[in-house]
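The values are calculated or read from the model by the stated rules, or taken from the named source; none is laboratory data. Small disclaimer: the values here were computed from a predicted structure and weren't measured. Here the Cβ is made from the backbone with ideal geometry for all residues, glycine too, and neighbour counts use every protein chain on show.
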Amino acid sequence: MCAADPGTGSVGNLLRGRRRGRCGGRPLHGREVGAVRQGAAGVVLVHGASGGVGTAAVQLARAAGAVVIGTAGTPAGRALALEHGAHHVLDHQDPDHLARAAELTGGRGVDVVVEMLARPIST
């Protein structure tokens, strides 16, 4: 998992199309993971929300009180992410999916990105 760096807002910048990278943020550490568990995460973006790890991440983030945006590459995968608790789902094959995620947050960006893909996130 990655979090936005308060100094750079890197995940928010990633979602606003200002940056490219694997996650665009930095790994979460102890106290921050605790904050996610307590619902302080705000908005969590789960890439690959229809897979085994992705559906678990969606469920855990939702249970922690976060707003969850999931991504999946097929209509069936997007339906599955919704079934497992995502508030919103996006097609990660759509070149504008990160811009859409930024729109869903009112331009603020997300607080946590769960990324299981072994490839760069492109905008």
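For the stretch 80-115, a residue qualifies if it is surrounded by 13 or more Cβ atoms within 10 Å (Cβ to Cβ) and in a helix (DSSP H, G or I), and the qualifying residues are Leu80, Ala81, Leu82, His97, Leu98, Ala99, Arg100, Ala101, Ala102, Leu104. Summed over the stretch 61-78, the residues that are aliphatic (A, V, I, L, M), at pLDDT 90 or above, surrounded by 13 or more Cβ atoms within 10 Å (Cβ to Cβ) and assigned to a helix (DSSP H, G or I) give a count of 0. Close Cβ contacts (under 9 Å, 6 or more residues apart or on different chains) running from residues in the stretch 44-60 that are without any contact (Cβ under 8 Å) to a residue 40 or more places away in the chain and buried (at least 21 other Cβ atoms within 10 Å of the Cβ) to residues that are outside any helix (DSSP H, G or I) and β-branched (Val, Ile, Thr) comprise Ser50/Thr71; Ser50/Thr74; Ser50/Val89; Thr55/Val46; Val58/Val44; Val58/Val46; Val58/Val68; Val58/Val114.
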